[in-house]
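Just below is one structure, and these are the notes that go with it.
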Amino acid sequence: MTHMRFYFQPLILIFSAFCLLKGGIWMWVSPVLIFFSLSFIDEIFEEKDDSDENLSSDVPLFLTIGLFLMVWLLFLIVVGHTYQNWGGYVPLNLSDFDGILEPQPLWALIGATWTMGMLGIAVCNIAHEFAHRLASPPRRFVGQWLLGFAFHTSMPIEHVFGHHKNAGFYDDPVSAHRGEGFWLFLIRSFTGTYRNAFNIEKQRQKRNGRPLISLKNKVFAGYLMQLGLFAVSFLIGGIAGILGFLGAVVLSLVILEQFQYISHYGLTRIPGTPMQVHHSWDFSRLGSNSFMFNQTRHSDHHLSARKEYGQLDKTDDTVSYPFSPILMLVIVLVPSLFRKVVSAELARWDNSLASAEERDFIQDYLNSDPHGRAAAGRTAVLD
């Protein structure tokens, strides 16, 4: 019964569909509910280590995907119906919905867009899960397609074949440096992911004797997936549908990158050394884990990337954040507050968990930073 919690996300999606149908202020209820319910559950209820080596059911994952697509299409219909009533051009005639839906004010549509952006992170976690199913090409295809809801169709390539080899290295685009601000990290992570994915696919195409520009190239296939989502958005919602989808996708991208930012922030690994539990933050909490299919059990995921979501364990021998992951996403937007919140755990990492080589690297990095960005994030490394 403990794994019934993975049906929490489908329940949120059903409620979100109800809010879209109700319209008006209800369109802001869903994102507010997601934020406060997850924060409350994370802070109040203790999470138990309920990993199960025998759990391999993808039912909650596929149920979530189906419901998400239903809510996405409903969102586009609401946007398109409103836009059509404003006199805008929509390829599909949505007048059949006149007796069901009311045209919505702009402020309500912004709430609906915010809802879709927050819901998008749920299918991004399923996409991440499927990206690691190397023995199941259909699931990997679905996972790459789902990441189109966060502008990251190249992520499955770089994440599996790049980041999991290089996590913690200074040159890894998805490992946030100590003292690095979130927005600079977002740019470095986003561009680095696409660049590394392109190079990985370029080498793979060359090994297989295929031309670079080909549908067999997963980077280019990802571009077509992304275009397909925008084409559907235009078909149902016209220009307003594209703008609404774009807003939701950008928000999902920012949230996804926030999670990437806090996953390895300030930790380091020396090239040539194996990945260990202390090279990742662990931020496992009951509400967030239920919503994100155990992806906040991040340290164990990096130790055993082929474990399926229900098999991931909580880990204690690493650093962890003092607050709910969803609260940490807000805190990272205030750099001085974020550095203050993480300083104690980073000091513990420096003094108790890091190897001598890692301690020396961190100290050299902090001392040599020419712009002083890391100074505010400096921790006292004790001898």
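Things worth noting here:
- Selection from the range 1-48 of residues that are loosely packed, with under 14 Cβ neighbours inside 10 Å, modelled with pLDDT of 90 or more and assigned to a loop (DSSP other than H, G, I, E, B): Ile25
- Subset tally (residues that are modelled with pLDDT under 95 and in a helix (DSSP H, G or I)) for the range 261-288: 9
- The residues of the range 317-353 that are open to solvent by less than 50 Å² (accessible area, probe 1.4 Å), more than 22 Å from Ile255 (Cβ to Cβ) and touching a helix residue (DSSP H, G or I) at 6+ places or on another chain (Cβ under 7 Å), listed by number, are Thr318, Trp349, Asp350, Leu353.
- Odd one out for Ile262 among (1) more than 24 Å from Phe36 (Cβ to Cβ); (2) open to solvent by less than 10 Å² (accessible area, probe 1.4 Å); (3) out of contact with any Asp or Glu (no Cβ under 9 Å at 6 or more places or on another chain); (4) not basic (Lys, Arg): (1)
- Among the candidates Val249, Val254, the residue that is within 14 Å of the chain's Cα centre (by Cα), open to solvent by less than 10 Å² (accessible area, probe 1.4 Å), within 28 Å of Ile77 (Cβ to Cβ) and modelled with pLDDT of 95 or more is uniquely Val249.
- Scope the range 296-340; condition touching a Phe, Trp or Tyr at 6+ places or on another chain (Cβ under 7 Å) and either modelled with pLDDT of 85 or more or closer than 21 Å to Phe182 by Cα (or both); matching residues: Thr296, His298, Val319, Ser320, Tyr321, Pro325, Ile326, Met328, Ile331, Val332, Leu333
- Taking residues in the range 279-304 that are without any contact (Cβ under 8 Å) to a residue 24 or more places away in the chain and among the basic types (Lys, Arg), and partners anywhere that are part of a helix (DSSP H, G or I) and open to solvent by 10 Å² or more (accessible area, probe 1.4 Å), not one pair has Cβ atoms closer than 6 Å while being at least 6 places apart or on different chains.
- Exclusive hit being closer than 14 Å to Ser252 by Cα, aromatic (Phe, Trp, Tyr) and surrounded by fewer than 23 Cβ atoms within 10 Å (Cβ to Cβ), set Phe151, Phe161, Phe141: Phe151
- Those residues of the range 320-364 which are small (Gly, Ala, Ser) and over 20 Å from Ile121 (Cα atoms), in sequence order: Ser320, Ser336, Ser343, Ala344, Ala347, Ser352, Ala354, Ser355, Ala356
- Pairs where the first residue, in the range 61-78, is under 10 Å from Leu13 (Cβ atoms) and the second is among the hydroxyl-bearing types (Ser, Thr, Tyr) and open to solvent by 30 Å² or more (accessible area, probe 1.4 Å), C-beta under 8 Å, 6+ apart: Leu63/Tyr7
- Of all residues in the range 100-121, those that are touching a residue at least 40 places away in the same chain (Cβ under 8 Å) and under 15 Å from Leu21 (Cβ atoms) have Cβ atoms under 6 Å from Cβ atoms of residues that are among the hydroxyl-bearing types (Ser, Thr, Tyr) and open to solvent by less than 30 Å² (accessible area, probe 1.4 Å), 6 or more apart or on another chain, in Gln104/Thr82; Thr115/Ser16; Thr115/Ser30.
- Selection from the range 209-245 of residues that are surrounded by 16 or more Cβ atoms within 10 Å (Cβ to Cβ), more than 26 Å from the chain's Cα centre (by Cα) and more than 27 Å from Ile110 (Cα to Cα): none
The values are calculated or read from the model by the stated rules, or taken from the named source; none is laboratory data. Given the structure is predicted, the values throughout are model-derived calculations rather than measurements. Cβ coordinates were reconstructed from backbone atoms using ideal geometry, including for glycine residues, and neighbour counts include every protein chain displayed. Quick note on the areas: whole protein, heavy atoms, side chains included, nothing else; ligands and nucleic acids left out. Shrake-Rupley method; radii C 1.70, N 1.55, O 1.52, S 1.80 Å.
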